[in-house]
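Working notes for the structure below.
Every number here is computed from the coordinates shown, using simple stated rules; none is lab data. A quick note: this is a predicted structure, and the numbers were derived from the prediction, not measured. Note that each Cβ is placed from the backbone with ideal geometry, even for glycine, and that neighbours are counted across all protein chains shown.
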Amino acid sequence: MASRRSAEPIEDAADAPAAADDDLDASRLTHLVGYAASRAAIEMRKVFARHMKPLDLKIVDFSILMLVAANPQVNQKRIGQALDISAPNMAVILDRLVGRGWVQRVRSDKDRRAQHIHLTAKGRDLVQRAEKISLTMEDAALRVLSAAERALLIELLLKVANPRQPR
């Protein structure tokens, strides 16, 4: 038995052309700080990836390298706590950074049980290059903000991220 086709087209959401993201009603989301922060973070991750790709740096690698550069006697545990990375994941990431020749684990002179994470010469060079890029990489994406708005945004996001920090 042959099926009959209706002369009238049936409107089905799945068959309709996809609307541009700008056309979607996001009003049930835009009151949420988490939604706005996530959307902004997605854009900032794209910016980071585009600018740091020539250095083959991931966000987590960059963050660890910057913390090590700024904290000469830092250990694996403190870095993991600062970045909210579990101890097993931190070990794997550091193994990768050691393997790339960017950092090394060094026994503490004060406590032979403790290990500090130090930058190698190659790591120091990478940090210098990455930090130079980081100073301007977000400028185009954040051109809609004044310098004061940008500073305030960073301040407010850090307040939310670190609620126990003194104000």
With 5 Å bins from 0: P(r) over region 33-161, alpha-carbon pairs, percent: 2, 9, 17, 20, 19, 15, 10, 6, 2, 1, 0
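Where nothing but the Cβ of Lys and Arg (+1) and of Asp and Glu (-1) is charged, how large is the charge dipole of the chain around its Cα centre, in debye to the nearest 20?
Working: 27 positive and 21 negative charges, 277 e Å.
Here the size comes out at about 1320 debye.
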Members of Lys46/Lys122; Lys46/Lys77; Lys53/Lys132; Lys58/Lys122; Lys77/Lys132 lying beyond 19 Å, as alpha-carbon distances in this model show: Lys46/Lys122; Lys46/Lys77; Lys77/Lys132
0 to 90° range, to nearest 10: angle between helix 121-134 axis and the chain longest Cα axis: 40
Lys/Arg +1, Asp/Glu -1 at C-beta; the chain dipole; positive extreme among Met52, Pro163, Gly123: Gly123
Degrees between helix 87-99 axis and first principal axis of the chain (Cα, 0 to 90, nearest 10): 70
Net charge over other residues, Cβ less than 14 angstrom from the Cβ of Ala49 (K, R count +1; D, E count -1): +1
The chain: angle of helix 33-52 to the longest principal axis, Cα-based, in degrees nearest 10: 60
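Rounded to the nearest 500, what is the chain's calculated 222 nm mean residue ellipticity when only DSSP H runs of at least 4 contribute -39500 (n - 2.57) each, over all residues? Could the numbers behind the result be given before it?
Working: 6 runs with 82 residues, N = 167.
Calculated at 222 nm, the ellipticity per residue is -15500 deg cm²/dmol.
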Amide hydrogen neighbours beyond the local backbone of Val103, cut-off 5 Å, H modeled: Val98, Thr120
Taking the chain and dividing mean pair separation by its residue count, relative contact order in percent (alpha carbons under 8 Å, at least six apart): 19
